[in-house]
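Worksheet: one structure, shown below.
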Ligand SMILES: Cc1cc2nc3c(=O)[nH]c(=O)nc-3n(C[C@H](O)[C@H](O)[C@H](O)COP(=O)(O)OP(=O)(O)OC[C@H]3O[C@@H](n4cnc5c(N)ncnc54)[C@H](O)[C@@H]3O)c2cc1C
C-alpha cells in the first residue's frame, strides 16, 4: 500500500485540474482496501474511489481519502460452450481489456474500444458508444460494501443499468467498491451488428473483418472526433443526451424542420446534447481558460490551468444558454467531486 499526503491530483484526472487530496492511497489488494476503509471510517474521513479519472470533475481540494484502485489486475476466462465467462479485476485498463478479448476471439465489446478508464468504472455509468453499452455483455459485479465491509456479487438486474446511469452513479454513490466485473462474451460470429460509421471505416466486407480489425477501426473513428486528454484536458462528453417527452418534441418540431432525435420507450425522445449546444452557442465558444471544442460541441476543454470551479461555471452557462433557447435541461455527465 502506498500513501501520500496533500498529493496533487492533476495527473490523476483527464481534465488536468490541479487540486490536492488530504490522503491518496494506492490499494494493491482487497485486504489493503479493507484496511484503508476501516481507517477512514475510524477517523470519520470521506472516501472517494478513483479509477482512471476520465469521468470526474474535481471541484476543490478533497479533505478525505482518495483510494486509487490500481491493484486488482487479474483476468480469468471460463468456456461455457458457445459463450465464455470473463472476469476482470477493477484496476484493469478498459481499452487493454477490450483488446485482450478481441485477440482471444471473444466478441461483444469491440464497439467500446478506445474508451479511457478502468474495468471497475465501466458499470458506473454503463459506458456506451456506437450502439453498444457495457450492459449488453455484463452479467454481474463483485463488490465490497462500505456499510458492512463484506464482499459479495450483485447480479445484473440489481444494477439498474440505464443510459449513462446505474445504481452506483445516481442512487448510492461511493457505497460499493467494484472489485471485479463478470462479462458473458460470444465466440466470433460473422453477423455481428456494426455501427454505420464503423462499417464505413472498415470498407469492403466489414462482416468478414477480424475482431482486432474492428477495434482498430473503432479507435480510428473515435480519434477523429475526440482530442487526446494529454493534449487538451477533457472528460469526454460533458452532458448526457437529454430524453424529453412528446410535448417538448412537438414544440421543437414546430420550430425546426430537421434535428437528430431517437424514439424511446413510453413516447419519449432522446435528443442530441451536441446539436442543442451547436445551435445555442457559437462554435468554439470560450470563457477564459475553458471552452467548447471547435469540432465537437459536447466536449468542454480545459485550455490550461482552469480550476474545477471555472469548468463547473462554464458548464452551468452552457446549461442556461441551451435552456433559454430550447427549454431543455442538460445534465452533466462527469461525476463532481467536492
Ligand atoms: C476522451 C474521452 C472519451 C470518452 N468516451 C466515452 C464514451 O465513448 N462512452 C462513455 O460512456 N464514456 C466515455 N468517456 C468517459 C469515461 O472514460 C468513462 O466513464 C470511464 O468508464 C471512466 O473510467 P475511470 O476509470 O476513468 O473512472 P473515474 O473517472 O476514475 O471515476 C468515475 C466514477 O466511477 C467511480 N469509480 C471508479 N472506479 C470505481 C470502482 N472500482 N468502484 C466503485 N466506483 C468506482 C468513481 O468514484 C467516480 O464516481 C470518455 C472520457 C474521455 C476523457
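I'm checking a number: the convex hull volume of the Cα atoms of the stretch 278-338, normalised per residue, in Å³. What is it?
Working: hull volume 5.1 nm³, N = 61.
Hull volume over Cα atoms, normalised by residue count, gives 83 Å³.
Could you work out [θ]222 nm for the chain from helices alone, using -39500 (n - 2.57) per DSSP H run of at least four and dividing by all its residues? Round to the nearest 500 deg cm²/dmol. Provide the component values of the computation, followed by the final result.
Values: 7 runs with 82 residues, N = 338.
It lands at -7500 deg cm²/dmol.
Quick one: 80, 1, fewest Cβ neighbours within 10 Å first, how do they rank?
Working: 80 8, 1 13.
Final ranking by Cβ density, sparse to dense: 80, 1.
What is the order of 327, 205, fewest Cβ neighbours within 10 Å to most?
Values: 327 11, 205 7.
In increasing order of surrounding Cβ atoms, one gets 205, 327.
Under a crude label model (7 Å from the Cα following the beta-carbon direction), how far is residue 199 from residue 325 in nanometres?
Inter-label distance under the simple model: 3.2 nm.
Given the Cα atoms of the stretch 2-68, and with Rh set as the inverse mean 1/r over their pairs in the Kirkwood sense, what is Rg to Rh to two decimals?
Dividing the radius of gyration by the Kirkwood radius yields 0.95.
Could you work out the Rg to Rh ratio of the stretch 186-296, with Rh taken as the Kirkwood radius (inverse of the mean 1/r over all Cα pairs)?
Working: Rg = 18.0 Å, Rh = 17.2 Å.
Rounded to two decimals, Rg over Rh is 1.05.
Report, in whole Å, the centroid distance computed from the Cα atoms of the stretch 301-338 and the stretch 1-68.
24
How large are Rg and Dmax for the chain when only the alpha carbon atoms are used, in Å?
20.6, 61
Where both residues lie in the chain, what percent of DSSP beta bridges are antiparallel, nearest 5?
On the way: 51 of 63 bridges.
The antiparallel fraction comes to roughly 80 percent.
Hey, what D do you get for the stretch 68-214 in µm²/s if you plug the Kirkwood alpha-carbon radius into Stokes-Einstein at 20 °C and 1.002 mPa s? Provide the component values of the computation, followed by the final result.
Values: Rh = 15.8 Å.
Calculated translational D: 136 µm²/s.
Where a number appears in this text, it was derived from the coordinates with a stated rule and is not lab data. Values in this document were obtained by computation on a predicted structure and should not be read as measured data. Cβ atoms come from the backbone with ideal geometry, glycine included; neighbour counts cover every protein chain shown.
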